Amino acid sequence: MTDKQLRADGISRSYKSTEVLHSVSLTLEPGKIYGLIGRNGAGKTTLLSILSAQNYASAGAVTLGDAAVWENRESLSHICFARELNISADSGLSSIKLKEYLRIASCCYTHWDGSMAARLLRDFDLNPKKQLSQLSKGMLSMVTILVALCSKADYTFLDEPAAGLDSIARENFYRLLLDEYTETGRTFVLSTHIIDEAADLMEDVLILKEGSLIYSGSTQSLMDRCFHVSGRIEDVDAAVNGLHILHPETFGRSKSVSVLLEPGEEISDEYGVSVQPMSLQKIFSSLCGKDGDSHEKPKAS
């Protein structure tokens, strides 16, 4: 188990004339579960593919400790990026049997756990003799989860692992992930649109908006600073005067706003407004929705 940090310094990625990632810098610490959230097209998959050297950066660098990740077998032996499998009829993977796919995976990951793979095949009720094209979307998600967990990689990235899973299967996945994290202390980065279901797992959260990292830090600290304020227009305006306002909405004579507090700030209680905590999903919507403030980044605390 490595105790080295995985760092991205000034990562940018362009496709022709379009820049998908804009000078993203972050540090992943050993022994944490991170959430990576952002709207479709925000650059989440591109970022994970660069962190795992499955894609290259147009600018910047990724390092594990002091060593580069790109074309470095030793560094890459500590990293797994398990992404959603999309099997089309003309895909090169469509005719491959599941057992062969897992054999290939076992060759790719230095610390592959074959006994765990056999157990998860049984637990997930997956037939290793079936071709990948014969598996449902939910089954393909289970294959992605199996590869991620059995890789035993110190830094393991899962891109939309719950896609196609029903609610019970998702709960089982979250339990498996937490059990593996508790037992091994591996670092996981979980990219998902099902934010509130997974929020309790995420010690830290990374929020991408239009290719820029607008927040990287403690999930709980961010939630402790965000509130939904509602009431009469004039009362709300007075209560939040001078604060960082996100996503204001007006309904007749009533108004609601999301507020992001900085250290030392508070919402005035003199005006009889309703002040409610916000879920991570609501905070994300306020920061990254069309009315979210794209010019100020919430500071990590």
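The values are calculated or read from the model by the stated rules, or taken from the named source; none is laboratory data. No experiment lies behind these values; they were computed from the predicted model shown. Methodologically, a virtual Cβ is constructed for each residue, glycine included, from the backbone with ideal geometry; neighbour enumeration extends over all protein chains shown.
For the range 277-301: of the residues being assigned to a loop (DSSP other than H, G, I, E, B) and modelled with pLDDT of 95 or more, which is surrounded by the most Cβ atoms within 10 Å (Cβ to Cβ)? Only one residue fits best here, namely Met278.
So Lys16 passes all but one of these: (1) of a type in the set (Lys, Arg); (2) at positive phi; (3) surrounded by 15 or more Cβ atoms within 10 Å (Cβ to Cβ). Which condition number does it fail? Answer for Lys16: the failing condition is (3). Which residues, counting only those in the range 152-166, are farther than 11 Å from Arg186 by Cα and in contact with an Asp or Glu (Cβ under 7 Å, 6 or more places away or on another chain)? Within the range 152-166, Asp159, Glu160, Ala163 qualify.
Considering the range 1-48, the qualifying strands (runs of 3 or more DSSP E), each wholly inside and each with 2 or more residues that are closer than 14 Å to Lys209 by Cβ, run over 18-28, 33-37. Only residues that are surrounded by fewer than 16 Cβ atoms within 10 Å (Cβ to Cβ), small (Gly, Ala, Ser) and not in a loop (DSSP other than H, G, I, E, B) were counted in the range 228-263, giving 2. Looking only at residues of the range 152-189 that are of a type in the set (Val, Ile, Thr) and assigned to a strand (DSSP E or B), we find that the one that is nearest to Leu120 (Cα to Cα) is Thr156. hydroxyl-bearing (Ser, Thr, Tyr) and exposed (fewer than 13 other Cβ atoms within 10 Å of the Cβ) - does that describe any residue in the range 112-126? Scanning the range 112-126 turns up at least one residue that is hydroxyl-bearing (Ser, Thr, Tyr) and exposed (fewer than 13 other Cβ atoms within 10 Å of the Cβ). Test Gly138 against the criterion of being on the phi > 0 side of the Ramachandran plot, assigned by TED's automatic domain parsing to the domain that holds Ile195 and out of contact with any His (no Cβ under 6 Å at 6 or more places or on another chain), and give yes or no. Criteria not met by Gly138.
Asp166 satisfies every condition listed in (1) modelled with pLDDT of 95 or more; (2) exposed (fewer than 15 other Cβ atoms within 10 Å of the Cβ) except (1).
Of the listed requirements (1) of a type outside the set (Gly, Ala, Ser); (2) at pLDDT 95 or above; (3) closer than 22 Å to Tyr181 by Cα, Val62 misses just one: (3). Scanning the range 71-85 for residues that are surrounded by 14 or more Cβ atoms within 10 Å (Cβ to Cβ) and either among the hydroxyl-bearing types (Ser, Thr, Tyr) or part of a loop (DSSP other than H, G, I, E, B) (or both) yields a count of 6.
The number of residues in the range 185-196 being surrounded by fewer than 15 Cβ atoms within 10 Å (Cβ to Cβ) and over 20 Å from Tyr215 (Cα atoms) comes to 1.
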